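A short write-up of the structure that comes next.
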Amino acid sequence: MSTSIAPQISEDLTGFCRKGYDMNPKPLRIAVMGAGWFASRRHLPDLMELPDVQVAAACRRDQDALARFCDHFNIPGRFSDYGQMLDATRPDAVVIASPHALHFEQTAECLRRGVHVLVEKPLALKAVDAEQLAALAANRGLTLAVALNPPYWRHCHLLRDWIAEGRIGRLEAVEIVWLNCAAGLFGKEPLPERLPGIVRPTGFRSDPELGGGGHLMDGGQHNISELLWVTGATPSAVSAAMDQLPVDLRASVSISLKNGAIASVTGLADSRLGTRRAHSAYYGSEGTLRLSVAPFRVTLERQGADNVVVDEHEMPVVLSPAADLVRCIRSGAAPLGTAAHAIETTRVIEMAYQSAARQTGSA
């Protein structure tokens, strides 16, 4: 198997844990903006497993949901206004998992106050705003990590390593397809009664003012991120077709890359088949890399050679976004989910919406 950076990252964090953060024994105090469904499913469980981390406060306007969230995770500080939370608790870092359109304002305020940030995707709705946040973090010497999935997924590290090593030769084409049944998140059907997480999802994704778009702006972020992060390629042109605007449920994005390769990214949020259907294929001049899903599996195909198949559990462990945030604050290292990568992802998605609007005459 190829050498990955993931084992070293894991060893770095383990070393800090074993030493009890000797360089800085004071526990990190972390606050949460957007104490909702996704934060309760991912970031809070991850934070609870980390040593010398205290989740000091959480913020949400819905007081009943906030109480359920904080009671479950034993969080003492409870606020409906994030400015008051920052004033009262003065956290070292903040996890932002609020509706998409609020990320820019909330991230900027935290950075201006000298607070490290882990923000859910998207970093911002527009690339120019994402660039402003990246510059603000750099000028203040603060960690700004973005929780796009691919930099934190084992299989994406393996794909990235093997493409960089030339296992498939020169990249020629990419195909990424993800089909989900998630129409309930966009207000198109009732949500199931039983869902993972401590609190239920809100309907912000169906509101273009809060969601900033539709499925492409939401789950589609990860697909565009995969293309850019795994290949390291730079887009030169973007076009897109969508079923409707401003809140799309189906989108197909065509991307020309500066190295001459072409890529297609297709996503559906309203597939009638409940099972997720997804795959990725990276076609090169000397072979093909295929990613299958549920479970994740990477297959390397080369003419005249046996296929090489690696399952997810055989790949090196990669830190969660929350653990990566702590690693970066303690060590001064750069996050896996960088602002620079989030900017490029945002730029492609922004161009895709502009293309779809031109085609429908709504630009």
Note on the range 250-306: residues of a type in the set (Val, Ile, Thr) and buried (at least 17 other Cβ atoms within 10 Å of the Cβ) are Val253, Ile255, Val265, Thr266, Thr288, Val298
Subset of the range 131-152, residues hydrophobic (A, V, I, L, M, F, W, C) and farther than 13 Å from Ser225 by Cβ, comes to Leu133, Ala134, Ala135, Leu136, Ala137, Ala138, Leu142, Leu144, Ala145
| task | Taking Val348 as the residue in question, decide whether it is closer than 21 Å to Leu171 by Cα and within 21 Å of the chain's Cα centre (by Cα). | result | yes
Of (1) without any contact (Cβ under 8 Å) to a residue 12 or more places away in the chain; (2) out of contact with any Phe, Trp or Tyr (no Cβ under 9 Å at 6 or more places or on another chain), Val253 satisfies every one except (1)
Reported set for the range 136-185 where residues are among the basic types (Lys, Arg), in the same structural domain as Arg250 (by TED's automatic domain parsing) and over 21 Å from the mean Cα position of the chain (by Cα) is Arg167, Arg170
> Would it be correct to say that Pro196 is in a loop (DSSP other than H, G, I, E, B), within 24 Å of Ala233 (Cα to Cα), in contact (Cβ under 8 Å) with a residue 60 or more places away in the chain and not basic (Lys, Arg)?
Replying inline: no
Expected output for the range 337-363 (first residue assigned to a helix (DSSP H, G or I), partner among the acidic types (Asp, Glu), Cβ below 8 Å, 6+ apart or cross-chain) is Ile343/Glu131; Ala356/Asp248
Here the residues within the range 112-131 that are closer than 21 Å to Asp218 by Cα and not hydrophobic (A, V, I, L, M, F, W, C) are Glu120, Lys121, Pro122, Lys126, Asp129, Glu131
With the first residue restricted to the range 56-74 and required to be touching a residue at least 12 places away in the same chain (Cβ under 8 Å), and the second required to be among the small types (Gly, Ala, Ser) and assigned to a helix (DSSP H, G or I), Cβ contacts under 9 Å at 6 or more apart or on different chains are Ala57/Ala88; Ala58/Ala39; Arg68/Ser40; Phe69/Ala39; Phe69/Ser40; His72/Ser40; Phe73/Ser40
Would you confirm whether or not the range 213-225 contains a residue that is assigned by TED's automatic domain parsing to the domain that holds Tyr353, in a loop (DSSP other than H, G, I, E, B) and over 25 Å from Arg60 (Cα atoms)? yes
Looking for something without any contact (Cβ under 8 Å) to a residue 40 or more places away in the chain and over 23 Å from the mean Cα position of the chain (by Cα) - is there at least one such residue anywhere in the range 95-108?
no
Checked the range 307-329 for anything part of a helix (DSSP H, G or I) and surrounded by 18 or more Cβ atoms within 10 Å (Cβ to Cβ); matches are Pro321, Ala322, Ala323, Asp324, Leu325, Val326, Arg327, Cys328, Ile329
Picking from Gly203, Gly219, the residue that is touching a residue at least 12 places away in the same chain (Cβ under 8 Å) and either buried (at least 16 other Cβ atoms within 10 Å of the Cβ) or on the phi > 0 side of the Ramachandran plot (or both) would be Gly219
Checked Gly184, Gly219 against criteria (more than 25 Å from Ala281 (Cα to Cα) and small (Gly, Ala, Ser)); the one match is Gly184
Here, helices (runs of 4 or more DSSP H) confined to the range 55-157 with at least 3 residues that are within 16 Å of Ala39 (Cβ to Cβ) and in contact with a Lys or Arg (Cβ under 6 Å, 6 or more places away or on another chain) are none
Of the residues in the range 151-186, those that are touching a Pro at 6+ places or on another chain (Cβ under 6 Å) and of a type in the set (Lys, Arg) number 0
Worksheet entry | Flag for Phe16 being modelled with pLDDT under 95, closer than 15 Å to Gly197 by Cα and not in a loop (DSSP other than H, G, I, E, B) | no
Pairs returned, first residue in the range 313-334 that is under 12 Å from Tyr152 (Cβ atoms), second residue that is of a type in the set (Ser, Thr, Tyr) and modelled with pLDDT under 95, beta-carbon separation under 8 angstrom, 6 or more apart or interchain, are Val317/Ser10; Val318/Ser10; Leu319/Ser10
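The values are calculated or read from the model by the stated rules, or taken from the named source; none is laboratory data. Treat the numbers as computed from the prediction; the structure is a model and nothing was measured. All Cβ positions, glycine included, derive from the backbone under ideal geometry; neighbour counts span all protein chains shown.
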